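What follows is a single structure, written as structure tokens, with notes after it.
The values are calculated or read from the model by the stated rules, or taken from the named source; none is laboratory data. Fair warning: this is a prediction, and the values are worked out from it, not measured in the lab. No Cβ is skipped: glycine too gets one built from the backbone with ideal geometry, and neighbour counts run over all protein chains shown.
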Amino acid sequence: MPNLTVMKENLLTFFYFINKLYQDRSILWTMIKRDLRARFIGSFFGFSWSVIDPLTQVLIYGVVFGLFFKSQPDPEFGTNSYILYLVCGILPWQFFAQSVTASTGSIVSNANLVKKAVGFPSEILPVIKVMSNLLSHLIGMLILILIIAIFHGVSFYIPFIFVYMLPTLIFAIGVGWIVAGLNVYLRDVQQVMPLVLMAGFFFTPIFYSPSSVPEPILTVLSLNPMFHAVIGYRYALLTGRILPPGSLAYLLITSFFIFGLGGVFFRKLKPGFAEVL
């Protein structure tokens with residue numbers, strides 16, 4: 001059966017791909033540190049931008065929706081503070097969006113390295129961008145947890161954010177591989193992605209509650225893994241609950257599926273990078 005043959009080849013390609021990443025882990029770590037230094041070199045605030053950026057968004061949306069439109073989070077999220085509700089949704093989304101944005105141009109911006117370094121593992125370039133943003137995300141989450149502890153109290157479910165952070169990370173890497181590979185051949189991808197991510201932001205329940213969305217539309221929106229990740233973060237941080245098993249299973253399965261698809265897709269496109277660049 002040809003379909004089984006193709007599936008077997010794709011699986012072998014993917015496992016080879018993952019094994020190659022593991023073998024190149026020292027290069028990966030070195031380049032992550034270099035990327036972090038490059039991001040903040042010459043910046044007066046340095047890593048503080050990891051907090052300033054999301055807090056600026058929280059301030060803007062908090063004023064517009066919390067003050068002007070008198071928005072309130074659903075009681076199921078365990079807080080009357082719209083600001084806390086908002087920041088618990090913005091941080092995971094921003095981690096995902098910034099990772100994908102940075103990954104999109106990661107191959108093109110390192111064209112000399114990809115073309116001239118024989119055998120260079122270009123698959124690590126999107127991963128570097130995601131991991132750099134992960135560090136910023138962890139700093140932001142630490143500050144958020146301290147704020148929640150002061151104003152809202154500490155929940156024993158807070159460590160569950162790592163249960164939702166892992167599939168968010170995996171999902172971001174998978175999407176990053178796809179858009180980074182496509183962008184080599186079609187540079188419009190880098191222009192389109194901010195629009196796609198902006199749409200994703202508004203179609204994810206970040207500044208509004210899921211209950212405000214009509215049920216048929218909510219069903220469509222819930223196909224996005226980040227829908228479940230954002231709600232999972234809020235449950236862990238604010239309500240002392242975990243995602244329902246169905247939502248958690250969907251988040252994990254979809255994220256790992258996109259991760260695998262992205263790995264195979266990138267591996268298929270990679271042989272032509274040097275020639276196109």
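Details
- Hey, I242 part of a helix (DSSP H, G or I) and at pLDDT below 95 or not: no
- For the stretch 194-204, the criterion of being crowded, with 20+ Cβ neighbours inside 10 Å, touching a helix residue (DSSP H, G or I) at 6+ places or on another chain (Cβ under 9 Å) and within 22 Å of G262 (Cβ to Cβ) is met by at least one residue.
- Filtered residues of the stretch 232-268 (kept if over 29 Å from I124 (Cβ atoms) and among the charged types (D, E, K, R)): R234, R241
- Evaluated against (1) under 18 Å from Q57 (Cβ atoms); (2) among the polar types (S, T, N, Q); (3) part of a helix (DSSP H, G or I), T204 falls short on exactly one condition, (3).
Yes/no matrix, rows are residues, columns are (1) out of contact with any Lys or Arg (no Cβ under 7 Å at 6 or more places or on another chain); (2) free of Cβ contacts under 8 Å to residues at least 24 places away in the same chain; (3) more than 23 Å from M198 (Cα to Cα); (4) not charged (D, E, K, R):
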residue: I217; (1), (2), (3), (4): yes, yes, no, yes
residue: P225; (1), (2), (3), (4): yes, no, no, yes
residue: V230; (1), (2), (3), (4): yes, no, no, yes
residue: I242; (1), (2), (3), (4): yes, no, yes, yes
residue: T254; (1), (2), (3), (4): yes, no, no, yes
residue: I258; (1), (2), (3), (4): yes, no, no, yes
residue: G262; (1), (2), (3), (4): yes, no, no, yes
residue: R267; (1), (2), (3), (4): yes, no, yes, no
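- Selection count, the stretch 222-257, where residues are crowded, with 16+ Cβ neighbours inside 10 Å, within 29 Å of T56 (Cα to Cα) and aliphatic (A, V, I, L, M): 9
- Candidates L221, L186, L195: the one that is in contact (Cβ under 8 Å) with a residue 12 or more places away in the chain and of a type in the set (A, V, I, L, M) is L221.
- Subset of the stretch 56-75 [assigned to a helix (DSSP H, G or I) and either buried (at least 18 other Cβ atoms within 10 Å of the Cβ) or modelled with pLDDT of 80 or more (or both)]: Q57, V58, Y61, G62, G66
- Helices (runs of 4 or more DSSP H) contained entirely in the stretch 97-186, each with at least 3 residues that are in contact with a Phe, Trp or Tyr (Cβ under 9 Å, 6 or more places away or on another chain) and closer than 20 Å to I206 by Cα: 124-151, 161-185
- Checked against the criterion of being of a type in the set (A, V, I, L, M, F, W, C), farther than 27 Å from A236 by Cβ, surrounded by fewer than 20 Cβ atoms within 10 Å (Cβ to Cβ) and at pLDDT 80 or above, the stretch 93-111 contains one or more residues that satisfy it.
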